[in-house]
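The values are calculated or read from the model by the stated rules, or taken from the named source; none is laboratory data. Values in this document were obtained by computation on a predicted structure and should not be read as measured data. All Cβ positions, glycine included, derive from the backbone under ideal geometry; neighbour counts span all protein chains shown.
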Amino acid sequence: MNHQAIAEMLRKAMLTGNPVTQISKTFPNFSLKDATKVQDLGFILAQEAGEILAGYKMGLTSRAKQRDVNVFEPIRGYMLRSSEIPKQGFLNMKARIHPRVEPEVAIVLKHELRGPGVTLRDVLKALDGVYPALEIVDSRYEGFIFKLEDVVADNTSAAGFMVGRVNLMAQLDELNLLGITVRKNGAIVETGAPAAVLGDPLLSVMSLANSLGAESQGLPGGVVILTGGITQSVSFAKGDRIEVEWPQEVLSFTAE
Ligand code: OOG
Ligand code: MG
């Protein structure tokens, strides 16, 4: 098994919009360690192509998301600056395979957190911003079907993100039970609250810091951290209008 070749294949799938066969089908003993290596090589390929890190993401941190894709363990990935979606704007559907959108909480830290041993208290002390956000996931695998190892190699299906303007830091006590609505072409398709994410999305940041720490990497301050989908993701196609409504702010786009 050639990790570099797999990373190149997945990057090509992302750039062309042509899905590939699950790695675990071709290599039945493809391990989580292999998958992490492929994800890391994919990031190097992106950097070589001039891409810049925008931040990190956790995935599969809510039951709704885990059931959605039939994988029951949290995962982490990275996000590239080029994948940020302009606010209240349009989502370019070029090279998309089978995109889905999900509401998330985004966090920004004041300074680096370096695991292992990062606690919730450390996260709270380092907190700089808490924002409404949404993520686009678009698996590079045929049929949006994958195992844990496949989705880790595929950088956790990361395909785009939007972060709101309203900092919810002052309402931190209420954050977990804020009501969120996802609309597609005006109709409500999902509802939820941030508590769906591990009981508290800040625990997702703690896990992320410790997961990076296990690989001697810090979680930097100033970058975007997505804590994981709150509801099931919602598929959409060209022409669809998506709105993620928080009490404080609406994030929206039209796919075109
Ligand atoms: C995997 C990525 C999961 C989340 O927020 O749970 C994720 C997928 O659904 O394709 O980003
Ligand atoms: Mg997500």
Hits in region 135-158 - residues which are in a strand (DSSP E or B) and either over 21 Å from Pro220 (Cα atoms) or aromatic (Phe, Trp, Tyr) (or both): Ile136, Val137, Tyr141
Does region 75-107 hold any residues that are out of contact with any strand residue (DSSP E or B) (no Cβ under 6 Å at 6 or more places or on another chain) and within 14 Å of ligand 2 (Cβ to nearest atom), and which are they? Val105
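Residue-by-condition table, conditions (1) surrounded by fewer than 20 Cβ atoms within 10 Å (Cβ to Cβ); (2) among the charged types (D, E, K, R); (3) assigned to a helix (DSSP H, G or I); (4) modelled with pLDDT of 95 or more:
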position	(1), (2), (3), (4)
Arg165	yes, yes, no, yes
Val182	no, no, no, yes
Glu190	no, yes, no, yes
Leu202	no, no, yes, yes
Ala209	no, no, yes, yes
Leu212	no, no, yes, yes
Gln217	yes, no, no, yes
Go through (1) without any contact (Cβ under 8 Å) to a residue 24 or more places away in the chain; (2) among the acidic types (Asp, Glu); (3) within 16 Å of ligand 1 (Cβ to nearest atom) and name the single condition Asp40 misses. (3)
From the residues in region 223-239 that are part of a strand (DSSP E or B) and more than 9 Å from ligand 2 (Cβ to nearest atom), which one is surrounded by the fewest Cβ atoms within 10 Å (Cβ to Cβ)? Ser235
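If we only count strands (runs of 3 or more DSSP E) wholly inside region 38-106, which ones have 1 or more residues that are under 20 Å from Arg241 (Cβ atoms)?
Working: elements: 53-59, 75-80, 89-91.
Fully inside region 38-106 and qualifying: 89-91.
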Taking the stated definitions as given, is Gly160 within 16 Å of ligand 2 (Cβ to nearest atom), among the small types (Gly, Ala, Ser) and touching a residue at least 12 places away in the same chain (Cβ under 8 Å)? yes
Return the residues of region 178-195 that are touching a helix residue (DSSP H, G or I) at 6+ places or on another chain (Cβ under 6 Å) and aliphatic (A, V, I, L, M); say none if nothing qualifies. Ala193, Ala195
Answer yes or no: is there a residue in region 12-30 that is touching a residue at least 60 places away in the same chain (Cβ under 8 Å), more than 15 Å from ligand 1 (Cβ to nearest atom) and either closer than 22 Å to Arg114 by Cα or of a type in the set (D, E, K, R) (or both). no
